[in-house]
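The values are calculated or read from the model by the stated rules, or taken from the named source; none is laboratory data. None of the values given here were measured: they were computed from a predicted structure. Quick reminder, even Gly has a Cβ in these numbers, built from the backbone with ideal geometry, and neighbours come from all protein chains shown.
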Ligand code: HPA
């Protein structure tokens, strides 16, 4: 484990001995999710900045870890995360995942917003990731490998855990929510894609496109975490929609989907109580 990760963990351990089972990133559509958590402790990222922890450049973007319970499941939520397009390198973007793993989290549950490429996805739908395409971003594992963390060449053939996917589908059914399944591709952004890029990505096998997640998933799999991710289709990707894309549209879709998205996440995480789930 790298020194900066150890330092962050030591700083957190001075405040709480809470051991999370699930690490949850709150993307667009889950921005208010912290209200669903029985909070035990909160730590602003700012307090970890001296150890190299990335703090978002967006003004008024108060990032913090929230420790608590969803049902009986101990979780650590990331409220706010940094993106490659802010200028952080891949290593910094995955640092929070490594810290949450070192605090004890065994499962990484990610949420994000994406543009729909698959014409079967209506705006506002929720899609469970079955696989990803990482080829357009720098791999977070480039550099020396510590064998204590994981193997040099980690397998990505089952990046999204089969058992967890079955569990999330069951949770969606119980909540009466339609859940699609598909392949996510991460690009760096910050510009949205051109229509020609979307046609290319569709031909390569992508069902949806976004600016986050895949680098975190690779880092988490390297560390032996089990991973699940649900994406909110906040807009139709460029050229599929006739309208120009705006970040306001993405945020509006997030607000509209929040009750459904929250219900699904709460049900799914409550079911992740033990290895026997
Ligand atoms: N493209 C990339 N990232 C996104 C999009 C999109 O259309 N929508 C939400 N995040």
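Here are some notes:
- Filter pass, residue 169 being surrounded by fewer than 17 Cβ atoms within 10 Å (Cβ to Cβ) and touching a strand residue (DSSP E or B) at 6+ places or on another chain (Cβ under 8 Å): yes
- Scanning region 111-118 finds one or more residues that are surrounded by fewer than 21 Cβ atoms within 10 Å (Cβ to Cβ), in contact with a helix residue (DSSP H, G or I) (Cβ under 9 Å, 6 or more places away or on another chain) and on the phi < 0 side of the Ramachandran plot.
- Filter result for the condition that a residue is in contact with a helix residue (DSSP H, G or I) (Cβ under 7 Å, 6 or more places away or on another chain), touching a residue at least 60 places away in the same chain (Cβ under 8 Å) and either farther than 19 Å from residue 192 by Cα or not in a loop (DSSP other than H, G, I, E, B) (or both), over 140, 54: 140
- In region 82-100, residue nearest to the ligand (Cβ to nearest atom) [restricted to those that are more than 28 Å from residue 241 (Cα to Cα) and under 14 Å from the mean Cα position of the chain (by Cα)]: 93
- Candidates 35, 58, filtered to the one that is modelled with pLDDT under 95 and more than 21 Å from residue 249 (Cα to Cα): 35
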